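Peer 1: Quick one: the structure is below, questions incoming.
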Amino acid sequence: MGPQQLYELWERQQWQSQGIDLERDKEHWAGLSDEDKGEHLWGLSSFFVGEERVTTQFPALVMAYEDEQEEAFLTTQQVDEARHMQFFDRYSREVMGLDEEFIQDRLRAVREHVTDAFVELFDERLVAMARRLVEDPSDIEAKVDFITTYHMVIEGTLALTGQHFMLDYYEKENLMPGFAEGFGNIARDEHRHVAYGTWFLQQKCSDAGLRKRVQDTLGELLPLAAGVLVPPGYQLGEEYEFFGYTSRQQAEFAYSALSRRLKVIGVGLPVAA
Ligand SMILES: [Fe+2]
Ligand SMILES: [Fe+2]
């Protein structure tokens with residue numbers, strides 16, 4: 001699907017971050033063990049801060065549109081990312097009980113749960129890529145780098161993997177129905193976003209130079225992205241569990257989702273990754 005079809009799909013897939021019923025989630029949250037709360041808190045915090053980061057960096061890409069259909073789609077993604085951040089913010093207040101007055105204070109509070117690898121990817125690499133694109137929105141190499149980082153690594157590899165396992169767990173355990181509903185909507189949005197990124201890179205990767213850029217960026221960022229999936233207290237390479245799934249199951253899911261998309265784009269996975 002190209003930008004026009006994805007724009008039309010967005011019009012049919014609207015939802016309200018403020019309209020989802022969270023009453024049962026409050027009861028479930030109160031009944032969780034401290035250990036379970038810790039795991040949920042890390043997952044939720046990473047998504048809350050991550051959505052804030054991608055919302056604020058996304059305008060760089062909106063400015064880099066190449067035709068009006070792409071512009072229309074990109075503005076929908078800008079709204080989506082803000083809506084995702086709003087959902088996690090609401091959840092942090094109403095279910096997890098954060099009582100800071102302003103969103104920036106709540107973000108600061110949940111930031112204490114994110115890891116160093118997360119900070120490097122979202123605060124350093126992504127921000128630097130966005131800055132290069134803002135400086136020159138017609139710089140196609142900067143746009144390819146941004147979309148490889150944002151749509152392939154952050155959304156296509158990290159977000160969809162975390163979402164898959166958390167949603168599966170909530171469904172199986174019949175827990176947090178409000179969260180599952182909002183997160184399910186977010187996952188549907190993310191699939192649309194990743195479809196745009198796949199379409200864009202497929203177009204550009206007929207050029208050998210740009211194809212190599214995609215591969216180089218992936219080679220650089222995938223080890224860092226692998227670190228973002230590791231919960232606090234563990235090192236990359238150690239065995240751990242996330243929502244009842246092993247680190248190996250998680251890595252395999254992330255790897256196969258990414259390689260499927262790269263096949264469509266026509267780029268091989270970098271050997272070192
Ligand atoms: Fe998002
Ligand atoms: Fe997204």
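Any read-out appearing in this document is the output of simple, stated calculations on the displayed coordinates, not a laboratory observation. Note that the coordinates shown come from a computational prediction; the quantities given were computed from them, not determined experimentally. Methodologically, a virtual Cβ is constructed for each residue, glycine included, from the backbone with ideal geometry; neighbour enumeration extends over all protein chains shown.
Peer 1: Mind pulling the angle between the C-alpha long axis of helix 3-12 and the longest principal axis of the chain? Nearest 10 degrees, somewhere in 0 to 90.
Peer 2: Rounded to the nearest ten degrees, it is 20.
Peer 1: Related question: Can you give the Kirkwood hydrodynamic radius of segment 89-168 from its Cα pairs, in Å with one decimal?
Peer 2: Details: mean 1/r = 0.0677 Å⁻¹.
For segment 89-168, the Kirkwood estimate is 14.8 Å.
Peer 1: Continuing with this model, one more query. Report, in deg cm²/dmol and to the nearest 500, the calculated mean residue ellipticity at 222 nm for the chain, where each DSSP H run with n ≥ 4 adds -39500 (n - 2.57) and the sum is divided by the residue count.
Peer 2: Counting only the DSSP helices, I get -22000 deg cm²/dmol.
Peer 1: Test of the criteria: in segment 206-247, which GluC sites (Glu not before Pro) are in a DSSP loop and have at most 14 other Cβ atoms within 10 angstrom of their Cβ?
Peer 2: Details: sites: Glu220, Glu238, Glu239, Glu241; in loops: Glu238, Glu239.
Within segment 206-247, the qualifying GluC sites (Glu not before Pro) (loop, at most 14 other Cβ atoms within 10 Å) are Glu238, Glu239.
Peer 1: Starting from the 7 Å offset along Cα-to-Cβ, what nm value, one decimal, do you get for the label separation of Ser33 and Lys263?
Peer 2: The answer from the label model is 4.0 nm.
Peer 1: For the chain, take the alpha-carbon Rg, divide it by the Kirkwood Rh, and send me Rg/Rh.
Peer 2: On the way: Rg = 18.2 Å, Rh = 19.1 Å.
Reported Rg/Rh, Kirkwood definition of Rh: 0.95.
Peer 1: Have a look at Gln104, Tyr65, Leu6 and report the one farthest towards the positive end of the charge dipole of segment 1-121, computed about the Cα centre with Cβ charges (Lys/Arg +1, Asp/Glu -1).
Peer 2: The listed residue farthest towards the positive side: Gln104.
Peer 1: Given +1 on the Cβ of Lys and Arg, -1 on the Cβ of Asp and Glu, and no further charges, what dipole in debye does segment 215-273 carry about its Cα centre, rounded to the nearest 20?
Peer 2: With only Lys, Arg, Asp and Glu charged at Cβ, the dipole is about 320 debye.
Peer 1: Please turn the phi angles of segment 36-53 into ³J(HN,Hα) values with the Karplus equation 6.51 cos²θ - 1.76 cosθ + 1.60 (θ = phi - 60°), one per residue in order, whole Hz, x for glycine and proline.
Peer 2: Those phi angles translate into 5, 4, x, 5, 5, 4, 5, x, 5, 5, 4, 6, 4, 5, x, 5, 5, 4 Hz.
Peer 1: Bin width 10 Å, alpha-carbon pairs only: give the P(r) of segment 1-97 as whole percents, running from 0 to the bin holding the largest distance.
Peer 2: 14, 36, 29, 16, 5, 0
Peer 1: What translational D, rounded to a whole number of µm²/s, comes out for segment 1-54 from Stokes-Einstein when the hydrodynamic radius is the Kirkwood one over Cα pairs, at 37 °C and 0.692 mPa s?
Peer 2: Result for D is 230 µm²/s.
Peer 1: Set the Förster distance to 45 Å, then compute FRET efficiency between Glu100 and Phe253 from the Cβ-Cβ distance, nearest 0.05.
Peer 2: Step by step, r from the Cβ atoms, then E = 0.85.
Peer 1: Charges at C-beta only: +1 for Lys and Arg, -1 for Asp and Glu. How large is the resulting dipole of segment 4-150 about its Cα centre, in Debye rounded to 20? Don't skip to the answer; put the middle values down first.
Peer 2: Working: 15 positive and 35 negative charges, 41 e Å.
Charge dipole of segment 4-150: 200 debye, to the nearest 20.
Peer 1: Which ³J(HN,Hα) values, rounded to whole Hz and listed in residue order, are derived for segment 242-248 from phi using the Karplus coefficients 6.51, -1.76 and 1.60 in 6.51 cos²θ - 1.76 cosθ + 1.60 with θ = phi - 60°, glycine and proline given as x?
Peer 2: Residue by residue, segment 242-248 yields 10, 6, x, 10, 7, 4, 5 Hz.
Peer 1: In whole Å, what is the distance between the alpha-carbon centres of segment 73-133 and segment 1-53?
Peer 2: Segment 73-133 and segment 1-53 have Cα centres separated by 12 Å.
Peer 1: For segment 101-208, which GluC sites (Glu not before Pro) pass both filters: DSSP loop (anything but H, G, I, E, B) and at most 13 other C-beta atoms within 10 Å?
Peer 2: Within segment 101-208, the qualifying GluC sites (Glu not before Pro) (loop, at most 13 other Cβ atoms within 10 Å) are Glu101, Glu112.
Peer 1: If you don't mind, there's one more thing I want to ask. Would you mind working out the magnitude of the charge dipole of segment 72-132 relative to its Cα centre, with +1 at each Lys and Arg C-beta and -1 at each Asp and Glu C-beta, to the nearest 20 Debye?
Peer 2: Details: 9 positive and 13 negative charges, 60 e Å.
Result for segment 72-132 is approximately 280 debye, rounded to the nearest 20.
Peer 1: With θ taken as phi - 60° and the coefficients 6.51, -1.76 and 1.60, list the Karplus ³J(HN,Hα) couplings across segment 134-151 in order, rounded to whole Hz; mark glycine and proline as x.
Peer 2: For segment 134-151, the Karplus curve yields 5, 4, 8, x, 8, 6, 5, 5, 5, 5, 4, 4, 4, 5, 4, 5, 6, 7 Hz.
Peer 1: Any idea how many Lys pairs in the chain come in under 26 angstrom at the alpha carbon, given 8 or more places apart or on separate chains?
Peer 2: Value for the chain: 9.
Peer 1: What whole-number volume per residue, in cubic angstrom, does the convex hull of the C-alpha atoms of segment 115-273 give?
Peer 2: So the per-residue hull volume is 114 Å³.
Peer 1: Can you give the percent of C-alpha pairs in segment 185-273 whose distance is more than 19 Å?
Peer 2: The share of Cα pairs beyond 19 Å in segment 185-273 comes to 49 percent.
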